[in-house]
Amino acid sequence: MAVPAEGLPARVRIHEVGARDGLQNEKTVVPTEVKAEFVHRLAGAGLRTIEATSFVHPKWVPQLADAEQLFPLVQDLADTVALPVLVPNERGLDRALALGARRIAVFGSATETFASRNLNRTVDESLAMFEPVVAKARTDRIHVRGYLSMCFGDPWEGPVPIRQVVGVAKRLMDLGCDELSLGDTIGVATPGHVRALLAALGEAGVPASAIGVHFHDTYGQALANTYAALQHGVTTVDASAGGLGGCPYAKSATGNLATEDLVWMLDGLGIETGVDLGRLTATSAWMAERLGRPSPSRTVRALSHKES
Ligand code: HMG
Ligand code: MG
């Protein structure tokens, strides 16, 4: 039974990242048609923001090297579903725009080590790389998300100071990003830390309404962290169907918060998402079969077990 939530939003927008963050980290390269069917099934389950793929260097992320082939196969959804794609630089933007992308995401890092490993750039150089991308996107009225990775901890540098995170976040927003997604890339955040970062961002002029939260679930804290963010006024939550995911350039990153776990909690709180949990679970069970391993999501397991 849904128990209406006090002090929490009435509605949450789920930014589904399974087809991008999830599949970029799979050892097996998923066939393009299977990816296209995955995106269609996610849309059929009611998701309205589905990150489709990345226009990055194919050698850096071979799992998404079929972006040119995949993106046209999901264009039939474009009237009803936002289909953001990752672009690191102008070359990536050109590739995305040539296929009619209307939403893009650049992806920066709060730490130098991850900037170097993920983008082959310093933090300053990566922001300089994003500048013309965001400027051109804005001229073309393309919606721009700015991801910021390692907002809580970094596998090489340890805990990341809040001041450092806020500094890079501000610079990303000053480039002209429409929204900021706070990445807990390796899943080390805890709710108090989330509250403290959101408060510091608010003081620095980045409101909760412009923020999405992107939790990986390494230590099982992703739902608790999400709850803390909702209490702070955040209404955009990133999640990955079935808990797929990780990051090829941060080995300790496990899957994202599973969309099913998120929807189970939000349904219980009476918070609207538009997602049909049964159809979503069936989609993740179907994808798990394609990947040859069970979904790590407790909700997927519980509901699949119940149905069989
Ligand atoms: P680089 O090697 O420094 O590239 O990589 P470059 O600028 O020196 O260019 C070298 C060659 O690559 C050139 O070709 C370029 O044209 C080509 P050449 O002239 O030698 O023939 N090139 C490209 N080709 C296709 N598409 C492109 C592109 N760019 C250059 N876009 C680069 C720099 C940024 C390209 C590389 O580091 C890269 O692609 N990195 C992507 C890494 C990635 O995708 N990581 C995962 C996403 S981030 C994440 O998962 C975290 C997140 O989920 C949030 C969280 O959890 O924290 C978002
Ligand atoms: Mg991620």
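Could we say that ALA19 is more than 17 Å from GLY242 (Cα to Cα) and open to solvent by less than 10 Å² (accessible area, probe 1.4 Å) here?
no
Of all residues in segment 128-151 being assigned to a loop (DSSP other than H, G, I, E, B) and more than 10 Å from ligand 1 (Cβ to nearest atom), which is farthest from GLU90 (Cα to Cα)? Don't jump to the end; show me each part of the working.
Keep residues of segment 128-151 that are assigned to a loop (DSSP other than H, G, I, E, B), which gives 140-142, 150-151.
Going one step further and asking which of them are more than 10 Å from ligand 1 (Cβ to nearest atom), we end up with 140-142.
Numbers: ASP140: 14, ARG141: 16, ILE142: 14 Å.
So the residue we want is ARG141.
Output the residue which, of all residues in segment 93-148 that are of a type in the set (S, T, N, Q) and open to solvent by less than 10 Å² (accessible area, probe 1.4 Å), is nearest to GLY212 (Cα to Cα).
SER109
State which residue is farthest from THR32 (Cα to Cα) when the search covers only segment 66-82 and only residues that are open to solvent by 50 Å² or more (accessible area, probe 1.4 Å) and in contact (Cβ under 8 Å) with a residue 24 or more places away in the chain.
Taking segment 66-82 and keeping what is open to solvent by 50 Å² or more (accessible area, probe 1.4 Å), we get 68-69, 72-73, 75-76, 79-80.
Retained after the next criterion (residues that are in contact (Cβ under 8 Å) with a residue 24 or more places away in the chain): 68-69, 72-73, 75, 80.
Numbers: GLU68: 10, GLN69: 7, PRO72: 11, LEU73: 9, GLN75: 14, THR80: 22 Å.
Per the criteria, the residue is THR80.
Residue by residue through segment 209-248, note down the ones that are away from ligand 2 (no atom under 14 Å from the Cβ) and part of a strand (DSSP E or B).
Within segment 209-248, ILE211, THR236 qualify.
In segment 27-53, which residues are surrounded by 21 or more Cβ atoms within 10 Å (Cβ to Cβ) and farther than 16 Å from GLY245 by Cα?
ALA36, ALA45, LEU47
Yes/no matrix, rows are residues, columns are (1) of a type in the set (Ser, Thr, Tyr); (2) open to solvent by 50 Å² or more (accessible area, probe 1.4 Å):
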site	(1), (2)
PHE152	no, no
ARG163	no, yes
GLY167	no, no
LEU172	no, no
LEU175	no, no
PRO207	no, yes
TYR219	yes, yes
ALA224	no, no
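Can you pull out the residues in segment 6-27 that are more than 11 Å from ligand 1 (Cβ to nearest atom), within 19 Å of SER181 (Cα to Cα) and assigned to a loop (DSSP other than H, G, I, E, B)?
PRO9, VAL12
Looking at LEU244, is it out of contact with any Lys or Arg (no Cβ under 8 Å at 6 or more places or on another chain) and at pLDDT 95 or above?
Criteria not met by LEU244.
I want to confirm something. Restricting to segment 177-196 and keeping residues that are in a helix (DSSP H, G or I) and open to solvent by 30 Å² or more (accessible area, probe 1.4 Å), which single residue is nearest to ligand 1 (Cβ to nearest atom)?
Among those residues, the one meeting the criterion is HIS193.
Look at segment 71-97 and say how many of its residues are among the polar types (S, T, N, Q) and either closer than 13 Å to VAL133 by Cα or in a helix (DSSP H, G or I) (or both).
Matching residues across segment 71-97 total 2.
In the set ALA105, ALA115, which member is within 16 Å of ligand 2 (Cβ to nearest atom), touching a Gly at 6+ places or on another chain (Cβ under 9 Å), part of a strand (DSSP E or B) and not aromatic (Phe, Trp, Tyr)? Can you show your working first?
Working: ALA115 fails: part of a strand (DSSP E or B).
Selected residue: ALA105, the only one of ALA105, ALA115 that is within 16 Å of ligand 2 (Cβ to nearest atom), touching a Gly at 6+ places or on another chain (Cβ under 9 Å), part of a strand (DSSP E or B) and not aromatic (Phe, Trp, Tyr).
Check segment 158-168 and report whether any residue there is within 14 Å of ligand 1 (Cβ to nearest atom) and free of Cβ contacts under 8 Å to residues at least 40 places away in the same chain.
no
State the number of residues belonging to segment 1-16 that are modelled with pLDDT under 95 and open to solvent by less than 10 Å² (accessible area, probe 1.4 Å).
Result for segment 1-16: 0.
The values are calculated or read from the model by the stated rules, or taken from the named source; none is laboratory data. Note that the structure is a prediction, hence the values are computed from the model and not measured. All Cβ positions, even for glycine, are placed from backbone atoms using ideal geometry, and neighbour counts span all protein chains on display. All accessible areas refer to the heavy atoms of the entire protein, side chains included, with ligands and DNA or RNA removed. Shrake-Rupley method; radii C 1.70, N 1.55, O 1.52, S 1.80 Å.
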